[in-house]
Amino acid sequence: MTQTTNRLFDEFAKLMTDAAGVAQGVRREAETVVRSQAERFIGDLDLVKREDFDVVKDMVSKLRVENDELKARLAEVESKLIKLMSGGEKSPDGMTLIADVAGEGPAVG
């Protein structure tokens, strides 16, 4: 009877080993299916790639700096225009600079 019991346990151990192998195979197959479905789903979304996002982020940063510089230049031109409009500031050659700011060249004052 000990011989039959050992053989029964051996067969049961083989069955369990085979079942574990099948379970691992099923798990890998399920992971593959889930991964491919998730990749397809994400691919269908209109998402931005990280590299593209970084490029646009750098561009926006540079444009902000340029925008700040242009704001400062505009404020300077506006202040000069206000001075010219109020006081009629003269250039070193004695001409009024109001027309110069307007882009028409110096006008005789």
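Tabulated values for the structure
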item	result
The listed residue being surrounded by 10 or more Cβ atoms within 10 Å (Cβ to Cβ) and more than 19 Å from the chain's Cα centre (by Cα), out of Val56, Val34	Val34
Filter pass, Gly25 being of a type in the set (Gly, Ala, Ser) and surrounded by fewer than 10 Cβ atoms within 10 Å (Cβ to Cβ)	no
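Bear in mind these aren't lab numbers, they're just calculated from the coordinates by the rules spelled out. Computed from a prediction, not measured in an experiment: that's the story for all the values here. Every residue, glycine among them, receives a Cβ derived from its backbone with ideal geometry; neighbour counts consider all protein chains shown.
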